[in-house]
Each structure stands twice: as C-alpha cells, then as structure tokens.
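No lab work stands behind these numbers, since they all come straight from the coordinates. Just so it is clear, the structure is predicted and the values come from calculations on it, not from any experiment. Cβ coordinates were reconstructed from backbone atoms using ideal geometry, including for glycine residues, and neighbour counts include every protein chain displayed.
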Amino acid sequence: MAVKQTKFILPEDRMPRAWYNIAADLPVSPAPPLNPGTGQPIGPDDLAPLFPMELIKQVVSKDREIEIPEPVLEAYALYRPSPLYRAHRLERSLDTPAHIYYKYEGGSPSGSHKPNTAIPQAFYSREEGVTRLSTETGAGQWGSALAFAGALFGLEVKVYMVRASYDQKPYRRILMETYGAQVTPSPSSETEYGRRVLATDPDHTGSLGVAISEGIEDAVTHPGTKYSLGSVFDFVLLHQTVIGQETILQMELAGEEPDIIVGCAGGGSNFAGLSFPWLGRTLRGGRSYQVIAAEPEAAPSLTRGVYRYDFGDTARMAPLIKMHTLGHDFIPEPIHAGGLRYHGMAPLVSLLKEQGVIEARAVHQRKSFEAGTRFARTEGILPAPEPTHALAVVIDEALRAKAEGTRPVILFNLCGHGHFDLTAYERYLTGALEDFEYPAERVEAALADLAGLPV
Ligand SMILES: Cc1ncc(COP(=O)(O)O)c(C=O)c1O
C-alpha cells in the first residue's frame, strides 16, 4: 500500500525570486498614510529618518513583482523553502472529510515567519550605512528574528520588549541576547516617552503601541540608527508573501487548491504573507477563496474595531494610517498570544476586510490553546499561541464540513512554534488560563479617543 504523502517540499532552486506586491492588483487605492504632526499625506522624506530608502520605495511601488536581493535569498536559504504539511492525523482525530494543509514557518532559526522581513530590513539598512536598529517586540518572536538578522549583517540591535512578555518569557530575552541584541522591558526609563508612561503607572504591563513609540524615539535620537518593525507596514507584508508564493507551488505538488485560507492576525503580516499571493489570483480574475483572519477576543481590531485613521503607536509618533483600530490608547489584557495584542491592523488587510474580500473571526484564548494542544497531540508540533487562533478556526471549519457533508481543502499558516510559550501551555493544562472579552464600553471609548483625527 502506498504511504500517504505528508510533506510537500520544494528544492532551494524553486524558492521565489521576487515578492508579490498586491498594490498592483488592488481594485481601489489604499488611503495614504498621513504625517502625525501635520495630517498631510506623507512622502519619502517623512519616512527617511526611520527607514532605509529601499524600503520606502517598496511602499510606493506599483510593480507586481519586487526582486529579492541575492544576499537575502542566501540568508532565506537557511530555512526556506519551508515545508507544507498535510495534517492527516489532525483530520483523523476530527473525523473530518476536509483536507487540512499547514505551511510551517516555525522551522526558521528564530522560530517564526518574522525573519522573512527581518532579513531584508537588516540587509537594506546595512547597504545604506546604518549601524544600529531599534525595534519593539511583543511575544519576543519579532525581537528574536531581528536580533538574528542583525547578527547576520553585522548590525547592533536594540529591542524594547513589552513588559508582560519580558516577565512571562525570559528565554526569549536570552535568545535575543545570545544573538547579540540589547533588550529592555517597555515601558522603560531609557526614552522620554517610557519615563512619562512609568510616571503615571510604574506597574504598566506595556503594550505594542507603547513599545513602538519607544523604538521610534530611540531611532530618531541615536545616530546611525533606523527603526525596524515586524508587522503592519506594507513592506513587511510584502516580504512575507514569500510564504504564500511557496504554497502555490506546493499545493500544485499536492494536486489540490485551497477553498479556505486561514491565518492569525496581530498586525496582519503572516496572514497577508500566506493569503495575498492567492488573493492576487482572484483580483486578476481567477477563482475566489474564502480567506479568514483569526484574531483574539481580547484585541479584536478587525471584528469590533472601527475603520478609520489612527496612530500606529501610543505616543502618536508613528504615521496616521487608515485601518481597523481599537484606539491607540488601547491596552490589551495580558493574553499569552503576545504577538496579537495590538490595537490596529495592517492598512492593506483592513482595506480588504472593508471591501469584503476577506473575513475575520475572533477567538478566545482557552479555545485557541485547546486547538493548539490537540494539534500537538496529533501532528506533534507545538504551535505558538498566535497561530492557535488560526487553528481554532480551521478546526471549526473542519467540523462544519463533517456536519454538512462537504470536503473543503483548508490551508493555514502555522507561523511559529511554541517552545518558549510553555508557561502559557502549563496555565492552560492546569486550568489557570482565563478568557478576556473586550467590553463594548471600551469600543465606545476607543471611538472617543479618535475624535479630531481625519476619517
Ligand atoms: C508567532 C507569531 N505569530 C503571529 C504574530 C502576529 O503578527 P502578524 O499578524 O504580523 O503575523 C506574531 C507577532 O509577534 C508572532 O510572533
């Protein structure tokens, strides 16, 4: 009897040589980012203090394909192409007729999809004479990825790590330090903004919004430093499309096409990375897919936020971007999916949600960890808390297929492993994990927060 194929592996020479730029295929133009001070559309000069020029050019490019530089391809080859798996054992445990596939990004050196953009950001910075990068990290995955990329290209890396994660995940900090980065809990006393936050609340648990403000302030106050970010911005989503492009080739190897595509969404980069190359086919007149972004109930920007201009950070230093937001002052409960604790969403993902091209679902963390545990017990890989949200949606869809007698092909992004998240799994296993609902009053308060900003 033939053994059923489980992994769909591409050779290195089939690694995509260009990123896919969805801006070339969008039916409507995205609203421009605005200068946080003047409210006017920002130009390259506004972004130049923060980012290398090559990345700024990518943000404004309408070219469908943007070539991946050779040194980036060589670094990608350390872990790319990443495998696509058919989840035979999960399917059996659910007794579902659905076919479930997962793209596994946890095999990268730092354990998630984040190096896909950390590597080019570090490369372009080095090319333009930058010697130091500052950034924020929520779960520690992004900080680890940038620390790794900084080591590859000989750059110093300074990471402001959200206090809640800094306390929950000492091993992530040690990994970053091993790569050579300097890690500070945020809010910190090292920036003026951090000191202001600590003055009002010395026990502040931090948020991505606050840590981003500290990272930006650090970049503009230190010579030779640029700011790097792990999500939200268009060029980050662009770099992640290498994931989806590989899956198009790998699903061909499997002889199937997905009906449903699922990714978790914090700022939207792994979700976009998987789904945009598929959506590009739809936007160019091809078949459509049901594309679902999974987010936490405790930070439900896509499902319960408003779609309008807001700041990407708490100190109002980042550009104003049109997105689904819970308000830049939103401080999420300390759920364990640290990478999903963000008040906003990538403008490109928000636009597609607004246009009805994609949908979103919010999931509680207990249900997510239940899905993650089931996955570990069937497929063996321990997922990071973030993709367990996607997994919970996948399981819902697989069970729906069983109930309705359909046979959908489901593809999802297992965008990181959870080896540094064992405290969270322990809390789930011992019944100590709580669910947090985002209260309706806070949606109202978030709206008030935005009064006076452009719509
Ligand atoms: C493993 C993992 N998944 C998902 C996310 C959320 O980010 P994004 O929505 O940009 O993929 C993070 C962010 O830190 C992460 O570490």
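Couple of notes before you dig in:
- Contour excess over end-to-end distance, with Cα ends at THR373 and THR221 and 0.36 nm allotted per residue: 50.3 nm
- Built amide H within the under 5 Å cut-off of ASP313, gap 5+: ALA318
- Farthest toward the positive end of the dipole of the stretch 2-123, out of ILE66, ALA2, GLY106, is the Cα of ALA2, where the dipole comes from beta carbon charges about the Cα centre.
- Per residue, the Cα convex hull of the stretch 311-455 amounts to 149 Å³.
- Under the Debye formula (equal points on every Cα, no solvent term), log10 I(q)/I(0) of the stretch 1-160 at q = 0.16, 0.19 Å⁻¹: -1.08, -1.29
- Residues with amide H under 5 Å from that of ALA18, placed H, sequence gap 5 or more: ILE68
- In terms of packing, defined here as the mean over residues of other Cβ atoms within 10 angstrom, the peptides 205-217, 37-49 line up highest first as 205-217, 37-49.
- The slack between ASP95 and GLU404, meaning 0.36 nm per residue of separation minus the straight C-alpha distance, is 109.9 nm.
- Distant-in-sequence amide H partners of SER134 (H built 1.01 Å from N, under 5 Å): LYS158, LYS226, TYR227, SER228
- Using the alpha-carbon positions of the stretch 94-158, Rg (one decimal) and Dmax (whole number) come out as 15.6, 56 Å.
- q = 0.13, 0.14, 0.19 Å⁻¹: log10 I(q)/I(0) that the Debye formula gives for the stretch 168-309, counting C-alpha atoms only: -0.79, -0.88, -1.23
- Packing rank of 9-15, 384-390, where each peptide gets the mean count of other beta carbons within 10 Å, highest leading: 384-390, 9-15
- When Rg and Dmax are taken over the Cα atoms of the chain, they come to 20.4, 69 Å.
- Dipole magnitude of the stretch 10-69, debye to nearest 20 (Cβ charges: Lys/Arg +1, Asp/Glu -1, about Cα centre): 140 debye
- Reachable aspartates and glutamates, given that their alpha-carbon falls under 14 Å from the alpha-carbon of LYS402 and they are not under 8 places away in the same chain: GLU91, ASP95
- Per-pair calculated FRET efficiency, R0 = 35 Å: LYS4 and MET53 via Cβ, rounded to 0.05: 0.10
- The gain in end-to-end length when the ASP201 to ARG64 segment is fully stretched comes to 44.7 nm, 0.36 nm per residue minus the alpha carbon separation.
- Sparsely packed loop sites in the stretch 225-295 (the trypsin sites (Lys or Arg not before Pro) outside DSSP H, G, I, E and B with at most 13 other Cβ atoms within 10 Å) comprise ARG284, ARG287.
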